[in-house]
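**Q** Please find one structure pasted underneath; my questions will follow.
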Amino acid sequence: MRRLQLQLVFVLLAAISVATLSAILIARSIRGAERVVVGDTRRVLSAANAELELQYSERANADTGWAMLPDAARDISLRAVSQATLRSYPGVEGGYSVGGRILGYSYPTHGSGNPKIDVPEAERPEIERTIQDAQKFGRGERVLRGSRDIVVIDAVSQSDHVAWTMKRLAGITDATESRRTFLLISLVIAALVSVIGTLATVIGLRKGIAEIQSGLARLETDFAFDLPVSGGELGRISRSVNRVADTRRNLEAALRRADRLGAIGRMAASMAHEIRNPLNGIRLTMQLLKQKLGSNEIRASDLDLVIGEVDRLNALLGDLLAFQEAPKPVLQDQQLLPIIERCVELLRPQAQERFSSSRTT
Amino acid sequence: MLALARTYLEKSESLQLGSPFAATRILSAADALIRAVEHQQHLGQKEGPPPPDNTEITRHLDRVYFRLQQADYFVKQSGDPNAQAIADLARQYYQSALRASDKGDLRAADECAKSTDELMRALENLALSTAVPPRPGPEPRRQ
């Protein structure tokens, strides 16, 4: 019982540990996957910025008067450059910042048929902050975690301009959050179910085993007792124990019956022996009387012997009738001579008959 | 192409007063068209400067290819009825330059690539002519 409790406690602790470790591992793997995706996106944006920067330099160097154009004109020119550049980077949008103004924005792979050319207003403040970081430190970077997506912004600064790009990882946050929540809730429910299930099993086992233990203890003194039968494995054990007890009761009854029959047989044999002795005495006396009948030598004592043996038979039957109350032997001093004389008288006719017959032969 | 250049020259002159920025851009477009024609004329001349080496031609063709990727945007942005024809011509010259480069005719490859470049410059200037320049600031007060 104590060993079983220890095992169940161990299993319970192991289940809780596994559930906790699984939750930690799942949370870490989801965060790890998110980090990988964001890291890959950063590399893509960095490459796109490098190419944007290169194309800006080529465009500016191709025409010395280009740098003197008004912003509106350079916006058109740079948009053509960014469109041609970012076409090779699916999902990436971006452009330049020249003199503090965002120019040449485009999103060529927007998917709406026409390239998107309006800077997204929702992200504009963060884009401008990233550009400012790039102007200060040479490079700027932002990872914005929204309710539905993650936005990665990257900017690289050159002498008179900043090239910047942005990519939305749409659906990642949403899926990650919902998947994480779902998995964590599932784990908590699974852990609770396993804990409750284990506790219920422990309690049920303890109760069932205690019932079996007390029942077995009672069975040692009360053979008629049956263990209470419940459901499950313990119920099957109780039923098996009850079957064994029932078999034992039947065997004991059979043994008692056989013992009774044996006792009756032994008593019958004893009775036959006890009856045969007086009958032999009576028969021999009667034979002797028959012989004496012709010579008229019959004595009263000869008849007393027969009467005595008949009385003995009567006493024997009286004892038999009083069998239920087996008489206790009463020990008392007796004269030995009368008993011997009685035996001699009983055996005398038999001895005389044997003696006369041997003489005759 | 020369007739088109003439048309743009006339248009530029007509815009000089009303929209000097657009006039300048259209004038540049006309100039680019004339240069594109000149590069084609060079092909007919037996004498001329030696062409760049194959590496330089390949690099130039890469740049021209990138510029051609901007053609559709410039056509759309310019709104000019002749812009699409210029873009198509630029692509033809680019294909000619590629074929000449494959044949080892570096001079033809160089001139066709330059013609493509000029046609793209013309397209870009037509697109830039649509840009609205900032209004000039208020004139200083006379004292």
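**Q** Report the FRET efficiency, 1/(1 + (r/R0)^6), for A:Arg139 and B:Lys103, where r is their Cβ-Cβ distance and R0 is 35 Å, rounded to 0.05. It would help to have the intermediate numbers written out before the result.
**A** On the way: r = 46 Å, r/R0 = 1.30.
Efficiency at R0 = 35 Å is approximately 0.15.
**Q** How many angstrom lie between the Cα centre of region B:91-106 and the Cα centre of region A:116-153?
**A** Taking the Cα centre of region A:116-153 as reference, the centre of region B:91-106 is 43 Å away.
**Q** Tell me the Kirkwood hydrodynamic radius of region A:2-187 in angstroms, computed as one over the mean inverse distance between distinct C-alpha pairs.
**A** 18.8
**Q** Moving to a separate point now. Go ahead and run the numbers for FRET between A:Val244 and A:Ala268, Cβ-Cβ distance against an R0 of 45 Å, rounding to 0.05.
**A** On the way: r = 37 Å, r/R0 = 0.82.
After rounding, the FRET efficiency stands at 0.75.
**Q** A:Glu121 to B:Lys76: FRET efficiency via 1/(1 + (r/R0)^6), r the Cβ-Cβ distance, R0 22 Å, to the nearest 0.05?
**A** 0.40
**Q** How do A:Thr41, A:Thr198, A:Thr247 rank when sorted from fewest to most other Cβ atoms within 10 Å of their own Cβ? Please list the in-between numbers first.
**A** Values: A:Thr41 23, A:Thr198 18, A:Thr247 10.
Ascending Cβ contact count within 10 Å gives the list A:Thr247, A:Thr198, A:Thr41.
**Q** Moving on to the next point. When only C-alpha pairs under 8 Å and at least 6 residues apart count, what is the relative contact order of region A:86-136, in percent? The partial results should precede the final answer.
**A** On the way: 50 pairs, mean separation 12.5, N = 51.
The value is 24 percent.
**Q** Separate question: So if each residue of separation counts as 0.36 nm, and I subtract the Cα-Cα distance between A:Ser301 and A:Glu353, what length gain in nm does that give? Before the final figure, lay out each step's value.
**A** Details: separation 52, 0.36 × 52 = 18.72 nm, distance 1.84 nm.
Roughly 16.9 nm would be gained on extension.
**Q** Below 12 angstrom from the Cβ of A:Arg129, what's the summed charge of the other residues (Lys, Arg +1; Asp, Glu -1)?
**A** Cβ neighbours under 12 Å give a net charge of -2.
**Q** Stretched out fully, how many nm does the piece from A:Phe10 to A:Gln334 gain, at 0.36 nm a residue minus the Cα gap? The partial results should precede the final answer.
**A** On the way: separation 324, 0.36 × 324 = 116.64 nm, distance 8.24 nm.
Here the segment from A:Phe10 to A:Gln334 would lengthen by 108.4 nm.
Where a number appears in this text, it was derived from the coordinates with a stated rule and is not lab data. Quick caveat: nothing in here was measured; it's all calculated off a predicted structure. Using ideal geometry, Cβ is built from the backbone for each residue, glycine included, and neighbour counts are taken over all protein chains shown.
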